[in-house]
Ligand SMILES: NC(=O)c1ccc[n+]([C@@H]2O[C@H](COP(=O)([O-])OP(=O)(O)OC[C@H]3O[C@@H](n4cnc5c(N)ncnc54)[C@H](O)[C@@H]3O)[C@@H](O)[C@H]2O)c1
Ligand SMILES: [Zn+2]
Ligand SMILES: [Zn+2]
């Protein structure tokens, strides 16, 4: 099959022939309909996160099951699926407690090995082992994924578009609902209006937040945030943006979401909190970063700082529900897509994401 391979920061991305082995027990072969280009792919391409290389990029995707491995009971050929970059093992203590986004196999096996849930890879390039990205690797014509990472969804949903549910939407809406548990009437700030931030905005709208202040460096991004549910918009960053939020909400905010993940944006989220406020770190920095906060204020003002990995979702429960919200018009995804491009344009798509110009781009194999 054709796939997008990343070998290192000093080597141009290549779209090349990659061999994909048949699914093993409890794995399925999926024909990819679309892969979303997320900043978490860009972090890898910029060398900000270390991975085993070469790797086939992509962790947001959707497609159709074409073959099932031995023992697969929940899926059959023809099923429409959204790919989940956590494929819950079902056995670890976090899975058993229902906090599947914290699955130990995803954290301790899939991440470090670049394999599927058993730690081995189905990908190779002329005899050389290649690695999966988060057990998905959707920048490709096909993917072999764990059964629990291919989430069956309704057939009438637009299959390419709902790729976004697999990362941006699950992450952003999940951060609001599961991690922060934003209550109706709360005040919310969202820093960064990319695919993840706009999903936070939409999640906050669905949660009934009374004010949703969207911040981005780009006017077009905050304009879209206003269309998708933000009540106020600020173009800017750092102290200037903080002053602008304080002018709108002098007592500080109840929830501040960092949907970018730089030291400065995390600190801004903390600075904006009012009494009892919660900062939610959704955007992810390069490895080795650190941010600072004033512990005295944190205690006196009874505030919290939370990390949110994959929106704290249970993939098999949340992903079909999120697709239902797309179909009922409550979640708007088409507005979040700035382009549909062939796989061959993956490098250009990542470049465009890096400039901030692109929103979600779908790679269509
Ligand atoms: N926690 C998770 O599970 C999870 C899942 C997916 C993505 N992520 C992370 O979320 C982050 C966002 O991903 P994305 O795909 O939405 O990215 P994106 O590049 O589409 O969006 C980032 C947005 O931030 C804006 N921006 C950049 N610097 C800014 C600044 N200093 N102030 C204000 N706005 C600024 C850009 O204009 C852009 O609109 C990334 O770090 C990604 O790795 C985390
Ligand atoms: Zn992502
Ligand atoms: Zn588990």
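Computed from the coordinates by the stated procedures, all read-outs in this text should not be read as laboratory data. It should be emphasised that the depicted structure is a prediction, and the values quoted were computed from it without experimental measurement. Cβ sites come from the backbone with ideal geometry, for glycine too, and all protein chains shown count toward neighbours.
In the elastic network of the chain, a GNM with C-alpha springs shorter than 10 Å, the most mobile of 317, 245, 86 is 317. More than 29 angstrom separation, counting every C-alpha pair in the chain; what % is that? Across the chain, Cα pairs with separations above 29 Å total 37 percent. Here 74, 50, 138, 62 are placed in order of increasing Cβ neighbour count within 10 Å, fewest first, which gives 50, 74, 62, 138. Roughly speaking, what is the centre-to-centre gap between region 195-237 and region 251-300 when only Cα atoms are used, to the nearest Å? Distance between centres, Cα-based: 17 Å. The relative contact order of region 171-309 comes to 22 percent, based on Cα pairs under 8 Å that sit 6 or more residues apart. Going by the alpha-carbon gyration tensor, a ≥ b ≥ c the square roots of its eigenvalues, is region 64-131 rounded (a/c under 1.5) or, if a/c is not under 1.5, prolate (a/b greater than b/c) versus oblate? Oblate shape, in that a/c is at least 1.5 and b/c is the bigger or equal ratio. Oblate is the label for region 89-185, because the ratio a/c of its alpha-carbon gyration tensor axes (a ≥ b ≥ c) is 1.5 or higher and a/b is not greater than b/c. Rounded to the nearest whole angstrom, the semi-axes of the ellipsoid equivalent to region 171-309, taken from the Cα gyration tensor as √(5λ), stand at 19, 16, 15, largest first.
Between region 338-356 and region 51-96, the C-alpha centres lie 24 angstrom from each other. Under a Gaussian network description of the chain, with springs only between Cα atoms under 10 Å, the residue in 269, 291, 87 that fluctuates furthest is 291.
Kindly identify region 113-166 as rounded, prolate or oblate by the Cα gyration tensor criterion: order the square roots of the eigenvalues as a ≥ b ≥ c, call it rounded if a/c is under 1.5, otherwise compare a/b with b/c, prolate if a/b is larger, else oblate. Taking the square roots of the gyration eigenvalues as a ≥ b ≥ c, region 113-166 is prolate. Computed from label points 7 Å out along Cα-Cβ, the spacing between residue 344 and residue 220 is 2.4 nm. What the Cβ-Cβ distance of residue 354 and residue 181 gives, at R0 = 30 Å and to the nearest 0.05, is a FRET efficiency of 0.35. Computed from the C-beta positions of residue 107 and residue 321 and an R0 of 22 Å, the FRET efficiency is 0.40 to the nearest 0.05.
Dividing the helix sum by the residues of the chain, where each DSSP H run of 4 or more adds -39500 (n - 2.57), gives a mean residue ellipticity at 222 nm of -7000 deg cm²/dmol. Arranged from fewest to most other beta-carbon atoms within 10 Å of their beta carbon, 169, 72, 18 become 72, 18, 169. In the elastic network of the chain, a GNM with C-alpha springs shorter than 10 Å, the most mobile of 156, 220, 232 is 156. Listed by Cβ neighbour count within 10 Å, with the fewest neighbours leading, 89, 167, 103 appear as 89, 103, 167. Placing a label point 7 Å from the Cα of residue 120 along the Cα-to-Cβ direction, the residues of region 1-26 whose backbone N falls under 14 Å from that point are 21-26. Relative to the longest principal axis of the C-alpha atoms of the chain, give the angle of the C-alpha long axis of helix 195-207, reported between 0 and 90° and rounded to the nearest 10°. Relative to the chain, helix 195-207 is tipped by roughly 60 degrees.
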